[in-house]
Amino acid sequence: METVKEVKKTQTMYDNVMLQFNRMAEYIDLNPNIREILSITNNEITVNFPVRMDDGRVKVFTGFRVQHNDSLGPYKGGLRYHPTVDIDDARALAIWMTWKTSLAGLPYGGAKGGIKIDPRNHSLGELERITRRFTYALGDNIGPEYDIPAPDVNTNEQTMAWIVDTYMSAKPAVVRSQNKHVVTGKPVGSGGLEGRDRATGFGVYLSIRFLIESRQETLKGKTFIVQGFGNVGYWASKFLEADGAKMIAVQDAHATIYNKSGINVEDLHEHCKPRKGSIEGFDADLEIDPQSFMGINCDILIPAALGNQITVDNAGLIQATIIAEGANGPTTEEAEVILLEKGITIIPDIFCNSGGVIGSYFEWLQNRSGEIWQLDEVMEKLEKKLFKVFKNLEKEVEENQIDWRTAAYKIAIKRIEKTYMERGVFP
């Protein structure tokens, strides 16, 4: 095991993902030609597009779409709306999507994108116009058999509905219905999948439950803390609470609350609804210093916000025995060294939050075949799929005595390597 001093401090998510990839390439002795291919992205699209605001002014927005690799199938990945979105973040997230879809055994490659924007500063009408204009600017850089976006940070089923309507409207009338699966995560009435809203959070919950049960334990009485109480944080917490676990702390960008006796998940969710998702103001008596969040004594820590939240500066404070990465890239490389030395089990993001992309795959299949699946059927399929991935991971961990992220990356990258070895490189 490397010591902290041997790990160069990373600055961005892209630094982090490339450190992880290069380390893994060495570990599995990845074919050098395939390593060369996977170390770069296939396509990077930047679009600048004008949108008229409610007051009549025209503002120009910048959007991105990065397509990393499509050796296993069409590009797949979310679109996020956030002030920090840039091309480096999109690269990192696209690469992680490639590993995630490969690990899950899906016929997809990896992509990611978004708009550099704070959606809280815009009305619903402005967000609709921004989304539709972004879709138009992307044009045929997305498509139902080419690149399929989905919701991500600060985007939702409404965002996807605007995208699919805009994209289909640009197609000839006779083929519009064949393009419904250009995005996933749509409202059910617009071709969406029952249960897609909770799929990512349900997957986070299942990854924790599977691990706990593999240790001959149950979730009853376990305590957990959540960073980020959006869609993923809420649903993961809801399922954990239903299984007997207790949420004792929550943090978002505006507040940190802590109650050793427990915080009711549904009460907090209801509080957040009219406040654009913020937990601020839930109970002033429960608010604590944000810097103390990571050091709260608990069984499970769920980072479900943005990347690079667990760093060398706070990793030593963490008292949880399990970290379940609901967010993409929440743990830096140097922080992971500290955590593993402390004996903390990290359920890696490319498995932990893969319920979302698996749910997206089900929606995509449903649209392509013209079927309609019921909620119980969807949840059963999702649990069955994730359990199979977990057992593959568990076997790799136990047979090779390696950590869970190393096992996940090994399985994911080896599958892609096998595909390239079988097909060759054109021409």
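Applying a length cut-off of 20 Å (Cα extent along the axis) and a mean Kyte-Doolittle floor of -0.5 to the DSSP H helices of the chain leaves 13-27, 87-103, 124-138, 199-214, 355-369. Largest first and in whole Å, the equivalent-ellipsoid semi-axes of the range 319-383 read 34, 12, 6, each the square root of five times a Cα gyration tensor eigenvalue. Percent antiparallel among DSSP beta bridges with both residues in the chain, to the nearest 5? Percentage antiparallel, nearest 5: 45.
Ignoring lysines fewer than eight residues from Lys395 along the same chain, the ones with Cα atoms less than 26 angstrom from its Cα are Lys100, Lys220, Lys222, Lys342, Lys381, Lys384, Lys385, Lys410, Lys414, Lys418.
The range 205-264 and the range 340-369 have Cα centres lying 18 Å from one another.
Subtracting the Cα-Cα distance of Tyr27 and Ser39 from their residue separation scaled by 0.36 nm leaves 2.8 nm. For Asn69, the residues whose modelled amide H falls within less than 5 Å of its own, excluding neighbours fewer than 5 places apart on the same chain, are Asn42, Gly110. Okay, which of the range 186-213 sit inside 17 Å, backbone N to the point 7 Å along the Cα-Cβ direction of Ala242? Label zone hits: 194-210. Among 55-62, 322-329, sorting by the average number of other beta carbon atoms lying within 10 angstrom of each residue, highest first, gives 322-329, 55-62. With a simple spin-label model that places each label point 7 Å from the Cα along the Cα-to-Cβ direction, the separation between Gln158 and Asn264 comes to 2.7 nm.
In this simple spin-label approximation, Arg176 and Asp118 carry label points 7 Å from Cα along the Cα→Cβ vector, and these lie 3.8 nm apart.
Length, then width, then depth: along the principal axes, the Cα atoms of the range 1-118 run 58, 37, 23 Å. Dividing the summed -39500 (n - 2.57) terms of all DSSP H runs of n ≥ 4 by the residue count of the chain sets its mean residue ellipticity at 222 nm at -13500 deg cm²/dmol.
Note on the range 40-176: Cα-Cα pairs beyond 19 Å make up 48% of the total pair count.
Computed over the chain, the range of Cα coordinates on each principal axis works out to 57, 56, 42 Å, biggest value leading. Placing unit charges on C-beta atoms (Lys and Arg positive, Asp and Glu negative, everything else neutral), compute the dipole magnitude of the range 199-352 about its Cα centre in debye, rounded to 20. Dipole about the Cα centre, nearest 20: 380 debye. Evaluating kT/(6 pi eta Rh) at 25 °C and 0.890 mPa s, with the Kirkwood radius of the range 199-352 over Cα pairs in the Stokes-Einstein relation, gives 162 µm² s⁻¹. The distance between label points at Gln291 and Lys273 comes to 3.7 nm (points 7 Å beyond Cα on the Cα→Cβ vector). The charge dipole of the chain, taken about its Cα centre with unit charges on the Cβ atoms of Lys, Arg (+1), Asp and Glu (-1) only, comes to about 1060 debye.
When the Cα positions of Ile296, Asn43, His271 are compared along the charge dipole of the chain, Asn43 comes out farthest toward the positive end, with charges on each C-beta of Lys, Arg, Asp and Glu.
With both residues required to sit in the range 199-352, DSSP beta bridges show an antiparallel share near 20%. By other beta-carbon atoms within 10 Å, ranking Thr98, Thr419 with the fewest at the front produces Thr419, Thr98. Within a straight-line Cα-Cα reach of under 25 Å, Lys171 can be paired with the following lysines, leaving aside sequence neighbours fewer than 8 residues apart in one chain: Lys76, Lys112, Lys180, Lys186. Scaling against 2.2 N^0.38 Å puts the C-alpha radius of gyration of the range 150-240 at 1.44. Shown here for the range 228-319: GluC sites (Glu not before Pro) in loop regions (DSSP other than H, G, I, E, B) with at most 14 other Cβ atoms within 10 Å, of which there are none. Only Lys, Arg, Asp and Glu carry charge here, each on its Cβ (+1 for the first two, -1 for the last two); on that basis the range 40-176 has a dipole of about 160 debye about its Cα centre.
Read-outs throughout are calculated quantities, based only on the coordinates presented, and are distinct from any laboratory measurement. The shown structure was predicted, so the numbers you read here are calculated from the model rather than taken from an experiment. No Cβ is skipped: glycine too gets one built from the backbone with ideal geometry, and neighbour counts run over all protein chains shown.
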